[in-house]
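> Here you go, one structure.
The values are calculated or read from the model by the stated rules, or taken from the named source; none is laboratory data. The structure presented is a predicted model; accordingly, all values stated were derived computationally and were not measured. Here the Cβ positions follow ideal geometry from the backbone for every residue, glycine too, while neighbour counts run over all protein chains shown. Ligands, DNA and RNA are stripped out before the accessible areas are found, and what is left, the full protein with its side chains, is counted by its heavy atoms. Shrake-Rupley method; radii C 1.70, N 1.55, O 1.52, S 1.80 Å.
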Amino acid sequence: MTPTLKNRVRELRAERGWTQQQLADAVGVSRQSINSIERERYIPSLPLALTFARVFKCSTDDIFSLERKK
């Protein structure tokens, strides 16, 4: 079983009332990258994950989690 990375990026962005573009500007990526991350089609690099944590003011564990596929 290969673990998959789940994230709460969409949820955390929505809680703050931010658009994908606003979040993209805050973390320094394209809006399309935010969309791909939210849809779990793209796994962000460690530096990008740490940037999300800084922008959202929470730990990376609060944003990203590993789950086992069944």
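> Considering every residue within the range 2-20, establish whether at least one is exposed (fewer than 11 other Cβ atoms within 10 Å of the Cβ), in contact with a strand residue (DSSP E or B) (Cβ under 7 Å, 6 or more places away or on another chain) and either touching a residue at least 24 places away in the same chain (Cβ under 8 Å) or on the phi < 0 side of the Ramachandran plot (or both).
yes
> Considering only residues that are open to solvent by 60 Å² or more (accessible area, probe 1.4 Å) and in contact with a helix residue (DSSP H, G or I) (Cβ under 9 Å, 6 or more places away or on another chain), which ones fall in the range 51-60?
Within the range 51-60, just Arg54 meets the criteria.
> Another one. Give the residues of the range 31-50 that are open to solvent by 50 Å² or more (accessible area, probe 1.4 Å) and over 15 Å from Asp62 (Cα atoms), sorted by residue number.
Hits for the range 31-50 are Arg31, Gln32, Arg39, Glu40, Arg41, Tyr42, Ile43, Ser45, Pro47.
> Another question, if that's okay. Just the residues that are touching a Leu at 6+ places or on another chain (Cβ under 7 Å) and among the hydrophobic types (A, V, I, L, M, F, W, C), please, taken from the range 45-63.
Within the range 45-63, Phe56, Ile63 meet the criteria.
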